[in-house]
Amino acid sequence: MATEGMLGQFVSLQRGQSYHSALLGLPGPMLLGLGTIERNGGFKGSKLKTYGGETSDKILLTPGDLYVSLKDVTHSADLLGAVARVPAEVPLGRLTQDTIRLNIENDSVDSAFLYYTLHAPAYRAYCRVHSTGTTNLDLSQKDFLSYRFWVPGRSEQRAIAEVLGALDDKIAANTKLATTIEELVGAVFVSLEPSTAGDVFLGDLLSFEYGKPLPAEIRVPGAVKVIGSGGAVGVHDTPIVADSGVVVGRKGTAGAVHWVDGPHWPIDTTYFVEPKGPDVSSEYAFFALRGLGLKELNSDSAVPGLNRNEAMAIRRPFHSGLVRRKFTETARPMITLSSQISRESQQLAELRDTLLPQLMSGALRVRDAETIVSEAV
């Protein structure tokens, strides 16, 4: 039988502790700070670092443990209250001063069910409404623990978590496969023989074109990705670039190189790449640019960025036209497959986000959700 409860009835909080930067990278637990939590929730493991300093047992985490951020350094509040779950590949983690572990004190709530409860739109909206601060945002522990949510019986909680978990498992498997494919293509690129004809300018092979401003308030919902220097930042209905291609950070994450699947709109903090001639494909340009150390070319101005002229003046023994064509013949179908897998993951994530609030509110029966998910995965 479902009831309504507050977080404080089920969990207690344990805040992490500060650390000494000189001990980063030494053998020890992985640091679990704000950088390991995805916007709006989820674990982000791209920048994990170990910590070799002394650590209290009370701030150590193991796979399956939940931890949250009750602060955000931006006004978007996407990180405020966001929850992450320690994955199996992190055998031991350590909370930082900016993260808080959820200790489940009442066995009437399932950990996995609680994890998905804290992903639901109602919870995310609650966090934004109860935020405080101007420069940085905070969510008080009192407000966090006062969040009220629907609590079905344990068996139904587990069933709900299993349905949503099946989608997340498939997304994780897809992500791993897509990453493996990209690594294989990268290995093929590294194995290519450079040209023996001497160095050529990067500008002889491709050009960097300026992206265009597109403020969020004038974007029209659509299927076109809006790309900033750090990657996708939204969607729009009209592209600047009509097909897949390469975008390079100009300001902000200057020098970052992104492959973009499908039509896209690069904004004014980026360059989009235009290959020159039939022997230079976007696929070749992507892997060539990744190996050039563009992030090291940031200018010394007050607002550092990537200077287009300096980039175009880079000289290397780039590959011959024949080698570039053969690489593209090998790489294109593999990258196409990787893009298809990524699109499937996006569709699965959208399905999960559609089912989640309905399951959490009791508006959708678990049995019906299981049928929908079984057809999708």
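The values are calculated or read from the model by the stated rules, or taken from the named source; none is laboratory data. What you are looking at is a predicted structure, and each value in this text was computed from that prediction instead of being measured. We place every Cβ from the backbone using ideal geometry, glycine too, and count neighbours over all the protein chains shown. Note: areas computed on protein heavy atoms with side chains; ligands, DNA, RNA excluded. Shrake-Rupley method; radii C 1.70, N 1.55, O 1.52, S 1.80 Å.
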In region 210-255, what count of residues is obtained for those that are aliphatic (A, V, I, L, M) and either open to solvent by 60 Å² or more (accessible area, probe 1.4 Å) or at pLDDT below 95 (or both)? 9
Could you check, for region 318-327, whether at least one of its residues is in contact (Cβ under 8 Å) with a residue 12 or more places away in the chain and under 30 Å from PRO215 (Cα atoms)? no
Region 72-84 residues that are assigned to a loop (DSSP other than H, G, I, E, B), paired with ones that are acidic (Asp, Glu) (beta carbon under 6 Å, 6 or more apart): LEU79/ASP72; LEU80/ASP72
Give VAL246, VAL257 a once-over and let me know the one that is under 19 Å from ARG325 (Cβ atoms) and under 19 Å from the mean Cα position of the chain (by Cα). VAL246
Count of residues meeting criterion [within 20 Å of the chain's Cα centre (by Cα) and surrounded by fewer than 16 Cβ atoms within 10 Å (Cβ to Cβ)] in region 260-274: 1
Being touching a Leu at 6+ places or on another chain (Cβ under 8 Å) and part of a loop (DSSP other than H, G, I, E, B) is the filter; apply it to region 47-64 and report the residue that is surrounded by the fewest Cβ atoms within 10 Å (Cβ to Cβ). THR62
Qualifying residue in region 275-283 (condition: open to solvent by less than 10 Å² (accessible area, probe 1.4 Å), assigned to a strand (DSSP E or B) and either over 21 Å from ARG325 (Cα atoms) or touching a residue at least 12 places away in the same chain (Cβ under 8 Å) (or both)): no
Wholly within region 91-169, strands (runs of 3 or more DSSP E) carrying at least 3 residues that are open to solvent by less than 20 Å² (accessible area, probe 1.4 Å): 93-95, 99-104
Which condition breaks for TYR19 when tested against (1) part of a strand (DSSP E or B); (2) open to solvent by 10 Å² or more (accessible area, probe 1.4 Å)? (1)
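State all residues of region 79-90 that are crowded, with 17+ Cβ neighbours inside 10 Å and at negative phi; if no residue qualifies, say none.
LEU79, LEU80, ALA82, VAL83, ALA84, ARG85, VAL86, VAL90
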Kindly check whether there is at least one residue in region 28-46 that is open to solvent by 10 Å² or more (accessible area, probe 1.4 Å), farther than 29 Å from THR134 by Cα, of a type in the set (Lys, Arg) and in a loop (DSSP other than H, G, I, E, B). no
Search region 54-65 for residues that are in contact (Cβ under 8 Å) with a residue 40 or more places away in the chain and within 17 Å of GLN97 (Cβ to Cβ) and pair each with any residue that is open to solvent by less than 50 Å² (accessible area, probe 1.4 Å) and charged (D, E, K, R) when their beta-carbon atoms are under 7 Å apart and the residues are at least 6 apart or on different chains. ILE59/ARG94; LEU61/ARG101
When residues of region 65-77 are filtered for being modelled with pLDDT under 95 and open to solvent by 40 Å² or more (accessible area, probe 1.4 Å), how many remain? 5
Quick one: which of ARG352, ARG325, ARG343 is under 20 Å from VAL247 (Cα atoms) and basic (Lys, Arg)? ARG343
Going through ALA122, ALA88 one at a time, which residue ends up being hydrophobic (A, V, I, L, M, F, W, C) and more than 22 Å from PHE10 (Cα to Cα)? ALA88
